[in-house]
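Every read-out reported here was derived from the displayed coordinates using simple, explicitly stated rules and does not represent laboratory data. Bear in mind the structure is a predicted one, so any value in this text is a computation, not a measurement. Here the Cβ is made from the backbone with ideal geometry for all residues, glycine too, and neighbour counts use every protein chain on show.
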Amino acid sequence: MTENTAPDASPSGAPAPNATAPDDEAVALAHRLFQAAREGDTGLLRTYLDAGAPATMTNAAGDSLLMLAAYHGHAETVQLILAHGGEANTANDRGQTPLAGAAFKGYTDVSRVLLDAGADPDAGTPSARAAAQMFARAEILALLA
């Protein structure tokens with residue numbers, strides 16, 4: 001396996017000498033935004049996304065705000081993140097896409113929102129199509145047809 005380090009981090013995970021480490025306040029805010037995505041707190045996310053927070057931010061596992069909102073079944077939050085520039089086909093560090101997460105969990109409404117935004121049902125590992133087949137998600141398979 002290869003190590004997953006950011007371009008501005010040393011192999012140990014410590015910031016490279018020329019990198020600026022985020023301050024505690026920025027890290028706490030990022031954690032709050034990821035939790036808001038998990039919980040479907042669309043209002044809180046809207047406030048920060050409207051103020052310029054990046055809709056494409058990812059956590060240490062490569063999970064984006066969009067991935068977390070999709071995996072936890074929050075269609076309205078998914079729509080908001082997409083409207084602010086979230087990318088429907090961005091996979092996390094394990095190769096999973098938001099659509100595959102929604103298919104795995106059986107969230108038809110979230111899957112529909114992602115498909116409408118151009119999510120590829122065959123992207124990722126496993127793909128959304130494969131996840132829907134593995135877990136017999138008939139409604140989602142019908143959407144993917």
Placed amide H near G62: partners under 5 Å, 5+ positions off or other chain:
D93
Helix-only CD estimate at 222 nm, as mean residue ellipticity for the chain, using -39500 (n - 2.57) per DSSP H run (n ≥ 4):
-14000 deg cm²/dmol
Peptides 52-61, 115-124, 99-108, 72-81: what's the order by average Cβ count within 10 Å, highest mean first?
99-108, 72-81, 115-124, 52-61
Using a 10 Å cut-off around each Cβ, can you sort M134, M67 from fewest to most neighbouring Cβ atoms?
M134, M67
Rank the residues E25, E139 as a footprinting-exposure proxy: fewest other Cβ atoms within 10 Å of their Cβ go first.
E25, E139
